[in-house]
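Notes follow once the structure below has been shown.
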Amino acid sequence: MRIRHISVAAAVTLIAPVLTVLPPDAFHATARPAPVETSETQVALQDPGATTGDGDVVSRDDLALARTQARQSQLSARATAAPAVLEVSPEQAVPADLTVMGVSWAAGSAADTVVQYRARTAAGWGGWEAVDSEGDGGEAGTSVPGARAGSDPIVVTGATHVQVRVLGSAGQDPVDARLTLIDPKNAAADASAGSLAPGSAAAAAATPWINSRAAWGADESIRKDSPAYGQVRGAVVHHTAGTNDYTQAQVPAILRGIYAFHVKDRGWSDIGYNFLVDKWGRIWEGRYGGTDRAVIGAHAAGVNSQTTGISVMGDYNAATVSTASVQAVTRIIAWKAGVHGFNPAGRTTLSVGNVPVVTGHRDVGSTSCPGTSLYARLPAIRASAAALAGSGGGSSSSSSSSAAAPAGTGGVPADNVLMRSRSNALFASAPAGSDLGFARRVSAAGWGGFNTVFTAGDMNRDGYGDIIARHGKTAQLRLFTGKADGSLNPPVVIGTRWRNLRSLTGGADFTGDGRPDVVAIDARGVLRLYPGAAGGKLSGSIAVGDGWGSFGHVAALGDWDGDGKADLLGIRKDGNAFIYRGTGRGALRSGAIALPGKFSGFRAVTGLVGRDQFAAVTPAGVGVLVTRTGPAPVSRRIVTPSFRGLTVFGG
């Protein structure tokens, strides 16, 4: 039976207009950040004396702190037994309400020392605090000309003066030791930078939302050399030093201060960490070179070329790390695991030995980092990241429909969203309730030549979900059957001369024979159905409707109207969307269901076949998930979306 497309005015079953379709730019940060130039002041450390006040006074608590630092840094027994103040800075006024400071010295000196700092407010001097330091000034574990050893950067807020000192065994005085105080400046864009909320770890999108270097005002003119690339076999988790009492608007300035200290004072080419996470769970791009690439950082000497470095902003030796921060770290690790192919719950052998794939800085270096609180959360981070990376985000709470052909438990299920990375790898993201889960890498490379890719259901009926792709040059339709481990077999050509067909979609059973079918629009605007056949092939086409030339997107769905038959979504180029109800016998019923609102401005729309959901993605990479809940559908933004830089496939 041939069903023509019926005009909206003539025959449409209306739903009460409760669906709010979010405009394409609704989730963009409005700030237009510009590079911000920082300023710094350097003060030489000196032998204790009149100009250094009581900076050489070591209380019982100070001594205990220094001994703990020495043990954690694996210093000599002599340094651990009786650390003394070797050099100290004068009491120094801070240049700004938020100041980033640090101590550095000539590489190779002060091997047996620790660093302490204190801050003065209107209430007087606070106690001496510990800060980690590195005796090896070489970036990435190698010698870099001009690189210096030194402390971690220290963030100070609300202070009027600061002071630092170096303690150790006699004869280990640092050479050319200096305190640097950095004023990261304020910028108009700081208050609105990173304004997108990250959401929960279980509701992560294909790529977590990562605020760019531009968003925090990185001055690219101070960055040295081109980025270097290695491999990512795991992640090292860190914390930064200094205050936990910072505001959201101060985060960009903190990042600028850390960046300046690493480059200008430590002599590194760039900020050391690949990613930084604030206490609200917002993720920030660290080292330049591509967040999805294996950029070599300077976060953990000896393993930089084998790991990605993630640092949570704050000191978590005493303070409790926030749940939002833990979830953000989990999201990054799960996503990077999919990109680079490692198991977050496993172990790996690095240059320092056999360690957990997700490890704390203290496990690969002589330091207390990432602090007691954050270190205690690593087992949960490993387990959660592994679950997200392995299953695409966990099981969905959305109802499944029997209208879809069997999708199988392996391969790529028909309810997944497919996307291609800049490196031409193929990823799949599974539904997770009212959201999408992390994408997992299905195939490492070779997808650049395909202009259409879609989930096809279990075409060959082996229990595993398959993929169909059209090659742009040959116009061949190729079937990639799924394997039990979620990967794909080599392709088989199942069609030729598919060049003039568009809006290809599949995975649902429109004929009622238990096999998934394919739907497409031909050059004359005719909607054609290609029934699935034995061996994963397709039989001849059936014209099921004309007048479809005005449609920009078509997507196979599950049972939208609840009658047990697969339905089809059609979105016209004017943004009006309709549900076309299937008969279960290879045709569509008359009387389309109009979806309220406009669906214009989306670059991809794809159905979650077998579910009453579909996803739409804007040109900027923002995703919207539409779900039928009761008599009317609702639309929700996909949490922390960043389909930026990815080609999302849709009909």
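Against the main long axis of the alpha-carbon atoms of the chain, helix 378-391 sits at an angle near 20°. The trypsin sites (Lys or Arg not before Pro) of the range 525-576 that meet both conditions, a loop assignment by DSSP and at most 11 other Cβ atoms within 10 Å of the site Cβ, are LYS573. Using a 1.4 Å probe, what is the accessible area per residue for the chain, in Å²? The answer is 36 Å² per residue.
Gain on full extension, evaluated as 0.36 nm per residue between LYS598 and SER423 minus their Cα-Cα distance, stands at 59.7 nm.
Projecting the Cα atoms of GLY102, TYR580, PHE427 onto the charge dipole of the chain, computed from C-beta unit charges around the Cα centre, puts TYR580 farthest toward the positive end. Taking 0.36 nm per residue of separation and subtracting the current Cα-Cα distance, fully stretching the chain between TYR229 and LYS483 would add 88.3 nm.
Straight-line reach from LYS573: taking Cα to Cα under 30 Å and skipping same-chain neighbours fewer than 8 places apart, the lysines in range are LYS473, LYS565, LYS598. Taking amide H as placed 1.01 Å from N in the peptide plane, the amide H of VAL312 sits under 5 Å from that of HIS238, HIS239, THR240, VAL277, each at least 5 places away or on another chain.
If you take all other residues with their beta carbon under 12 Å from the beta carbon of ASP56, and give Lys and Arg +1 and Asp and Glu -1, the sum is -3. Cα to Cα, under 22 Å, and not fewer than 8 places away if on the same chain: which lysines meet these conditions relative to LYS279? Once the sequence-local lysines are set aside, what remains near LYS279 is LYS185, LYS336.
With respect to the chain, whose longest principal axis is taken over its alpha-carbon atoms, helix 251-260 is tilted by about 60°. Positive-end ranking of TYR259, GLY448, VAL329 along the dipole of the chain, with charges on Cβ about the Cα centre, is headed by GLY448.
Protection proxy ranking of 303-311, 484-492, 78-86, 238-246, by the mean of other Cβ atoms within 10 Å over each peptide's residues and highest first, is 303-311, 238-246, 78-86, 484-492.
Taking the Cα centre of the chain as origin and assigning +1 to Lys and Arg Cβ atoms and -1 to Asp and Glu Cβ atoms, the resulting dipole is close to 3020 debye. Could you name the aspartates and glutamates whose alpha carbon sits less than 18 Å from that of LYS224, not counting residues in the same chain fewer than 8 places away? Hits, sequence-local ones excluded: GLU37, GLU139, ASP265, ASP270, GLU285. Which one is right for this structure if mean projected area of the Cα convex hull in nm² is calculated from it: (i) 52.1; (ii) 34.4; (iii) 29.6? So the structure-derived entry is (iii). Secondary-structure-derived ellipticity at 222 nm for the chain, considering helices only, amounts to -3000 deg cm²/dmol, per-run term -39500 (n - 2.57) for DSSP H runs with n ≥ 4. Residues whose amide H falls under 5 Å from that of ARG148, counting only those 5 or more places apart or on a different chain, are GLY267, with hydrogens built in the peptide plane.
Across the range 80-86, coupling constants 3J(HN,Hα) worked out from phi with the 6.51/-1.76/1.60 Karplus curve, θ = phi - 60°, read 6, 6, 9, x, 10, 6, 8 Hz, and Gly and Pro carry x. Atom-type composition of the exposed protein surface of the range 558-597 places 41 percent of the accessible area on carbon and sulfur (1.4 angstrom probe).
Accessible surface of the range 296-365, 1.4 Å probe: 48 percent of it comes from carbon and sulfur atoms. Separation of the range 260-314 and the range 164-189, taken as the distance between their Cα centroids, equals 20 angstrom.
The values are calculated or read from the model by the stated rules, or taken from the named source; none is laboratory data. What you see is a predicted model; the values in this text were computed from it and never measured. Virtual Cβ from ideal backbone geometry, glycine too; neighbours counted across all protein chains shown. Ligands, DNA and RNA are excluded from the accessible area calculation, which covers all protein heavy atoms including side chains. Shrake-Rupley method; radii C 1.70, N 1.55, O 1.52, S 1.80 Å.
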